[in-house]
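See below for the structure under consideration.
FYI, it's all coordinate maths here, none of it is from the lab. Model, not experiment: these values are computed from the prediction. Counting neighbours? That spans all protein chains shown, and the Cβs are built from the backbone with ideal geometry, glycine included.
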Amino acid sequence: MDVSLLPSSRNTLGTHLYFFDFFCALVSPWIAWARCDPLLFTGDHIGGAAAYAVTGFVATVAVVAVSNIGHVLLEYFCRRDLAALVRVGSLSIVITMILMFGAARLDNIPRSLPAIHLVVLLALMVGWRWLASRLANGRKVRDAASSKQPVEHILLIGANRWTWLYSGMVDALILGRQKIVAILDEDPQLCGRSIHGHRVIGNIHDIGAVVDEYAVHGILIWRVVVAGRREDIAQGSWIHLERVCAMREIKLDVLAEHLGLLDKGIGEAGKCEPESALAAELAIIRGRPYWRGKRAFDIAFACFLLIALAPLFLLTFIAVVVDVGRPTVFWQLRVGRDRKPILVYKFRTLRPPFRRDGTPIPEAARLTDIGRYLRATRLDELPQLFNVLRGDMSLIGPRPLMPVDLPQSAELRLSVEPGRTGWAQVHGGNLITASEKNVLDEWYVRNASIWLDIKILAKTLMTVVRGDRRAAGFSCAP
């Protein structure tokens, strides 16, 4: 999924650049070159070093500005931001080497220079961010420690990833108002181990003795938190846990329920368990060799189309920038195979529904002539070739629908990957009803073949040229 997922009207919020990033971009090439060649400042080498340093500085600043890594608040620097920095640094070095190759064929540049430059650049950019976050969070912890608020002591149930996430959140954000005192787990082999410094001190059945012993030392357990789902705990352990908490008037929370993170698939409201006949039919459909070999065809043909249509991509991109503005691509959440949520990308054809100040834009003013043309010719859907390469979609199949548009019984169409084009699209597209589209898509799933796919591709080309046409009295058969 996309890293930002911002609506179009909120996706151009300016560029933030930290001064220290300029400093890192400026000094890192010189440090790397000095490490590779101690004779850096001699007359024979200073010219090449200066050219490399200027190129590296410009490339790094440009990539940092485009990537918007400066949007990150320093005090909340995390692993995701670290991964973004690695990508930014790597891309900067690659661009630098490409420019240097084009200018001087990398003459007199040490082979180890790019790797050392990358290490130095990342060390500087990550190091100052880490230091800034530690200083900012340290001030908050000191301020919280000086407050007179009572501390709520928490006992965690379960040593798992939920515990790791929750304990880290409590330690970092609650700032002394809540404190995890220990962890209990059903697995006796975990006793004595720790997560974020919190020790596993016993079994769930020991909870009564643990609570009473903490009370002797003046620590009253106010709350017990089950780290995960209720189903993750054995029935007998859960009954004992409830009884002990009720007797001692301790609040019992289940973290998954408390945070609303129970396992629910997209479009669950309209989902029904497939009947035995439908389940048997789905098993037969998925077992066909055609579906197993279709992925290789999708990858090969999508790569061919990306290369062949590259000029068209560029022209469409320019048209969208001139007509609608940035960002040029938008996303919609759709339902993929087996109800997996996928993001489907398109070139923008509508202006944002809201201005930056929050006032709405009239509907009639949002669709332009260029946008109407891109929709009619399907050029706005060119970015979906990247969805095909990612495996979210196939070139041919039922069109992916938004959750609210799913028919009541959608198991058949959701048993295969959704398509960039399909049987319903070449039989009228937007000119046929939703129920007619569903009938056509289900017919395709039952009868798909390589020859039918070729026929759909040919009809798609005709649709692009002449637009959607609904044939009078069409049937669901070819």
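Between GLN235 and ALA310, full extension at 0.36 nm per residue minus the direct alpha carbon distance yields a gain of 21.1 nm.
Roughly how big is the stretch 152-259's charge dipole about its Cα centre, with Cβ charges of +1 (Lys, Arg) and -1 (Asp, Glu), in debye to the nearest 20?
Values: 11 positive and 14 negative charges, 52 e Å.
That gives the stretch 152-259 a dipole magnitude of about 260 debye.
Work out how much length VAL322 to ARG80 would gain on full extension: take 0.36 nm times their residue separation and subtract the Cα-Cα distance, in nm to one decimal.
Numbers: separation 242, 0.36 × 242 = 87.12 nm, distance 3.34 nm.
Extra length available between VAL322 and ARG80 comes to 83.8 nm.
Placing a label point 7 Å from the Cα of ASN447 along the Cα-to-Cβ line, the residues of the stretch 390-423 whose backbone N sits under 14 Å from it are 423. Label-to-label distance, ILE370 versus ASP212, with points set 7 angstrom from Cα along the beta-carbon direction: 7.7 nm.
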